[in-house]
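One structure is given here, and the rest of the page talks about it.
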Amino acid sequence: MLHEFPACLPWLRDLLRSGLQLLAGGLLLGSCQLIEYSPNQAYVPVRERGQTARNLQLLGAATGTDTVRFVFVGDTQRFYDETEAFVTSVNQQRGIDFVLVAGDLSDFGLTREFQWVNRRLAALRPPYLTVIGNHDLVGNGRAIYQHVYGPLNYTFDYAGTRFILLDTNGREDGFGGRVPDLPWLRRQLADTAGARRTVVVSHVPPTDEDFDPALVSGYTAALRADPRLVFHLSGHVHRFTAGQPFHDGVSYLTTYSLKKRRYHILTVWGARQFRLETVAYGLDK
Amino acid sequence: MASTNKLNWCLVGLLLAAPALPARAQAHPPKAPFFLTLHLAGGTGLVALGGGVRVAHERLEPEVLVGYLPRRLSGTKGLAIFTLKTTYLPWTPRFGDSRWHAAPLTLGARLTYTTGQQFFLTAASSGRYQPGYYWWSSAVRAGLLLGTRLGYQPSGGLRTALYSELSTNDLHLVSALTNRSLRLPEILTLGGGAKVR
């Protein structure tokens, strides 16, 4: 029908045509996002896969500095409004190397939840890294996390610091003595090449009843034996705690959930020096 | 684990037995009310096959579907998804004497049960948690549906209808109701298929 428009109005014709193209494209794109075979499917579009590797590539290597400064926050778990406010706040910060989310990205372990969280956290200016939480393991969550993020246990080095991130959600494994993977943890702690400091990050802290009780002593002993360890970071409890609960010189910190509208900025330098800042945001809402 | 499996099989049995109930209720149907369904996407597997019956003066369509989610999509093993679904057709205009018929708006509800050891019927039944640790069932989802359909019946032939529907499930709905920033399209899923009668 478009060719019937008066010749004096070609701009109107063009406008209509591009409008129609936009509408058709939007519908097509929209319907692609609408197509889901199961709320538990691990399949996500290519651009939403492998976020851990993607963010590590964005992080790159620190140049000419011994200091690492990162945001540390806990459970995003169905707090999407708060997650958006969090992203706005973090993007106003200067000198942040990366953001660390200490697990429970999702509430129900559903595919869409991982996508909702990733699409919001992808708006962060610094890259963000995650560790798996117990809620992320519900249903088919393990496979979904592996697709969207990557391995459950992994390490990366930045500014002379080795970050070791691992699954400590022992209850989800029925306390089978396999989670956390202590042999893997010991191997990472023993590999001292290229890093003068260590930071261990997990979702469930070893002081919690959801940590496999049979593995607490082995876990804490492995950490105690590492002279380079700065501290151990966790989420799960949705609040800030800091202390040395095993009275062995090892500091264990936990952080807020997104619901609390607070996060930490941790700065690590020198021989196990660190500073903790707390940021509150959007509390007026 | 044994008790979970028993529960699983009880549920499967219930789902499979369900279509027999409404059929018996309609003692003298005016016309064979049974239909077969081929369903694609929409949260019940890549593809689902099943059938049902038209009851309540051709207004309700209870049906049972068995869906399959292949390994490539599940990321683990292939999963079977059992669906118990009812569609309500409030308005089914016919176009004069033509062989075309339509249901511009259909409303529906469904329950799905996903098989697989990683899913629990209730958190307590898995044996890993205290009661109330996780309040929902990871195996069972309840859903709401809004759809449309168009059908054609050649003289003396089978009546075939194509339909599409948008759905959401209980947990997606809970997420949207507790967050202003989750938009409606983010919780909707598109599915569709064909029904032959």
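Below, the figures for the structure above:
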quantity	calculated
DSSP H segments from chain A that extend 20 Å or more along their own axis, Cα-based, with Kyte-Doolittle mean of 0.5 or above	A:10-34
Packing-based order for A:56-65, B:86-95, B:57-66, A:128-137, using average beta carbon neighbours within 10 Å, highest first	A:128-137, B:57-66, B:86-95, A:56-65
Ordering of B:184-191, A:162-169, B:155-162, A:114-121 by packing [mean C-beta count within 10 Å, highest first]	A:162-169, A:114-121, B:184-191, B:155-162
Gain in span if fully extended, B:His101 to B:Ala56, counting 0.36 nm per residue against the direct Cα distance	14.4 nm
Average partner coverage of A:138-144, which counts Cβ from other chains inside 10 Å	6
Occluded residues from segment A:64-95, i.e. those whose accessible area drops by 40 Å² or more once the chain is not alone (1.4 Å probe)	A:Arg78, A:Asp81
Å² of accessible area per residue within the protein assembly as shown, as computed with a 1.4 Å probe and no ligands counted	46 Å²
Solvent-accessible area buried by B and A, counting both chains, probe 1.4 angstrom, square angstrom	3300 Å²
Peptide A:108-114, shielding by other chains (average Cβ, 10 Å cutoff)	5
For A:Gln273, net neighbour charge (Lys/Arg +1, Asp/Glu -1) across residues whose Cβ lies under 15 Å away	+4
FRET efficiency, B:Leu158 to A:Ala123 (Cβ-Cβ, R0 41 Å, nearest 0.05)	0.20
With every protein chain in place, chain A: carbon and sulfur % of accessible area (1.4 Å)	56 percent
For residues of A:172-184, the mean tally of beta carbons on other chains within 10 Å	1
Protein-only accessible surface order, largest first, of B:Trp135, B:Trp100 at 1.4 Å	B:Trp135, B:Trp100
Label-to-label distance, nm, for residues given as A:Ala271 and A:Ile35 (7 Å Cα→Cβ offset)	6.0 nm
Residue of A:Leu34, A:Leu124, A:Leu152 that the Gaussian network model of chain A assigns the largest fluctuation, springs spanning Cα pairs under 10 Å	A:Leu34
Within segment A:175-200, backbone nitrogen closer than 14 Å to the virtual label 7 Å beyond the Cα of A:Asp157 toward Cβ	A:188-199
Pairwise centroid distance, computed over Cα atoms, of segment A:142-165 with segment A:62-90, Å	16 Å
Sequence-separation-based contact order of chain A, relative, with Cα cut under 8 Å and 6+ spacing, percent	19 percent
Local electrostatic count, A:Val68, Cβ distance below 12 Å [Lys/Arg +1, Asp/Glu -1]	+2
Relative packing of B:122-132, A:263-273, A:202-212, which averages over residues the other C-beta atoms within 10 Å, highest first	A:202-212, A:263-273, B:122-132
Estimated FRET transfer efficiency when R0 is 25 angstrom, pair B:Arg183-A:Arg47 (beta carbons, to 0.05)	0.80
Cβ-based charge dipole, the protein assembly as shown, positive-most Cα from A:Phe211, B:Asn169, A:Val90	B:Asn169
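The values are calculated or read from the model by the stated rules, or taken from the named source; none is laboratory data. Treat the numbers as computed from the prediction; the structure is a model and nothing was measured. Note that we place each Cβ from the backbone using ideal geometry, even for glycine, and neighbour counts take in every protein chain shown. Just the protein is used for accessible areas: all its heavy atoms, side chains included, with ligands, DNA and RNA removed. Shrake-Rupley method; radii C 1.70, N 1.55, O 1.52, S 1.80 Å.
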